[in-house]
1. Taking 0.36 nm per residue of separation and subtracting the Cα-Cα distance, what length does fully extending residue 117 through residue 724 add?
2. Report Rg/Rh for region 255-397, rounded to two decimals, where Rg is the Cα radius of gyration and Rh the Kirkwood radius.
3. Using the Kirkwood radius over Cα pairs, work out the Stokes-Einstein diffusion coefficient for region 276-351 at 4 °C and 1.567 mPa s, in µm²/s as a whole number.
4. Is any residue of region 557-578 close enough, with backbone N under 14 Å, to a label point placed 7 angstrom from the Cα of residue 610 along the Cα-Cβ axis, and if so, which?
5. What number do you get for region 491-542 when its Cα radius of gyration is normalised by 2.2 N^0.38 Å, N = residues?
6. At q = 0.17, 0.22 Å⁻¹, what is the log10 ratio I(q)/I(0) for region 146-209, with the Debye formula run over Cα points and no solvent?
7. Under the classification rounded if a/c is under 1.5, otherwise prolate if a/b is larger than b/c and oblate if not, where does region 468-614 fall, given a ≥ b ≥ c as square roots of the Cα gyration tensor eigenvalues?
8. With the cut-off at 1.5 for a/c, could you classify region 386-538 from its C-alpha gyration tensor as rounded, prolate or oblate?
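Every read-out reported here was derived from the displayed coordinates using simple, explicitly stated rules and does not represent laboratory data. In this text the structure is predicted, and so the values were computed from the model without any measurement. Note that each Cβ is placed from the backbone with ideal geometry, even for glycine, and that neighbours are counted across all protein chains shown.
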Amino acid sequence: MSRIYLPWNASRARQRDAERARRNRTEIVRELSWGRVSRRDLMKWGLFTGAGALANIGGLSPFVANARADGGGIPTGAPRSPLFGATAFSQAMPRFDVLARNPLSCLSPAPQAEANQTLMAVDPMLGGGFGPCEGRPPGPVWAHQRWDEFPPGVCVEATQAPATTNYSYNPQVASSLNSGIDPTHGMPLRFHPKLPIQHPNNVWTFNGTIPPKLVQGRYNEPLLFRHHNGLPVDVTQNGGFGRHTISTHEHNGHHGAENDGFTGAYFFPNQFYDYHWPIVLAGHFSMNTAASDRMASTPDGSGGLIQIPGDWHETMSTHWFHDHMFSFTSQNVYKGNAAMFNLYSGLDRGNEDIDDGVNLRLPSGSANDWGNLDYDVNLMLADKAFDSDGQMYFDIFNFDGFLGDVMTVNLAYRPYFEVERRKYRFRILNASVSRFFKVALANASGAAQPIIQIANDGNLFPAPVTLLSLDEQGIAERYDIVIDFSNYRVGDKLHLVNLCEHQDGKKPAKDLTMSQALSGTSQDPCVGRFLEFRIVREPAKPDNSRVPAVMIPNPDLSNIPVARERTFVFGEGGSQPNSGSTTGLGPWAIGTDGGKKFNADYNRRSAAPQFGTREIWHLVNDGGGWDHPIHIHFEEGQILARNGSLANVPLAERGRKDVYRLLPAGSVTITMQFRDWGGMFMEHCHNTVHEDNAMLLRWEINGGGEPYLRPLPTPCPTPQGVTWEDPT
Ligand SMILES: [Cu+2]
């Protein structure tokens, strides 16, 4: 057993050794993140093994037994994060900070179909000379697909920036619905009032501030997200981890590849990238094209519906967006590059009062036509770790995966949240690097309480599922739940509890029972209560919300032929036949259709499904020692079988999904369609440490009538402009 964190009662000598090892590792992470050494250098020096794992050198690896009498044979472990006296449930949980939706005229320069190549001076730290103001690769291949058909109706801007105080926090609800937090007060970037304010380069978030950000969009209102890179031009100014180049992935967005945050289409400090999210239903160009089905619709802003093309069974709700920089995704997302994106539709309108036969009337509110957040609350779960000064710290040398020991919700350490005695919807995102959660609800006496799960990933279920604990929730999965606080009394307190115990980043070690998790005996610091609900009053007005027995039935695929089946095997020990900036090294790899397992190379096409077809993909975990939450970009799929049988698929996985936990030695069979948009996409493990250490591949939609040749050339960004490579 390689326990990641030392117990609180470890001897001073062991703690000192562990701190020294942590600092040594931190130095290597820093050199890597600056680009001063490469993974190949580390292998040459014997610090990495050929398989890409950290060599067993004392004082460096947490897994090397030290010679001390009290530590002999026991892994050194990392020192616990200091908490500076911060206690659980002593700070209010902030709501997400909603990014302003502006008219397009606010954007200067105006967005355009092809990347804006207007030259600007490039900082000498980035090589000087001149380079384009927009980092999107130039030319027709990376032009926004169908730009003229989908002119942006609204724009949202954000700047990736070093940590600073938030003076413009806007949760879009009254402070009475935000646990009394007064948004006019400045909010410094810290995880608890007793924890230190983070140095500017230890945390990089959207606009440099907390709380995390929320974007609200509605179907068929194309949204232009202009992402500015405001990170330091000096690659060494990173607080020891994180890379200043970024690529923003709208997780499970059904958009053209130029807007998908392709891992190799990153952009540099002082550049921006225009992401164009048309937000159309899958099947937009092939099904219900006359928009005659009222169920396929979007709010019109004044109580009515606008009917839209596409398959209403593909309606999506809860997305998030985050960095996808090649080899640096884990560091950058951990550092703060994670935001949520709520999609609204006629079905899931974010208004609980409108009774039009389409609106599901899920808990939300009713003051606005759509997108009410009063009783619809985003929750971002993430485990963090701090160094001895209380600054955020990251260790990439656990190729098993990185675990933090400080549990946060919405980047607040174990907060409380005040609720009314009524139904609430919570959209729970697992934004960890490597940690799985298993969430349950406990009452004051520690008994598990019913939770109604209504969605998995971006997708509402065919029917709600009532559970006493949710399934394990892998990295990047979203579970939307409804809790009915009217079953309790004003003054009651309930807690969300994490039942999932880790001993390392490989996989959950054990799912505990509620009483085990509450007993305080787990060695995993993130097990137990992590969010306190305080029922503070009767509802301000009657609760008209519903959880209907029928929500969104699955799309009917019975008449769509299966064009092809493919098999992807996820495991250890692949090879990397290529070299260069598009290649990755590490212990993790993917094998395609019976071929050799390869490490990541985003210049290599591993699959090219034909536009307009449906396929079946088998995702196989070839080891029993790991779980891998596999994410496939572009269009959500349906799970057809686990280990060969539909009977193994729990009810809460029988809707649509975009992340598939393979389970140790397990396999998942899914079906997907390839419609509407084209370009190069990715498939990878969302344990982002595995992803960054080479468990990622590129696939491409082959032909959709676009005016350019295939296969697509691979972009190689520089501050002075993008060059191209021919794919292999
Ligand atoms: Cu993995």
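1. So the chain would gain 216.9 nm between residue 117 and residue 724.
2. Looking at region 255-397, the ratio lands at 1.08.
3. Diffusion coefficient, whole number: 92 µm²/s.
4. Correct set: 561-565.
5. After normalising by residue count via 2.2 N^0.38 Å, the value is 1.51.
6. -0.73, -0.97
7. Oblate shape, in that a/c is at least 1.5 and b/c is the bigger or equal ratio.
8. Since a/c reaches 1.5 and a/b is larger than b/c, the shape of region 386-538 is classed as prolate.
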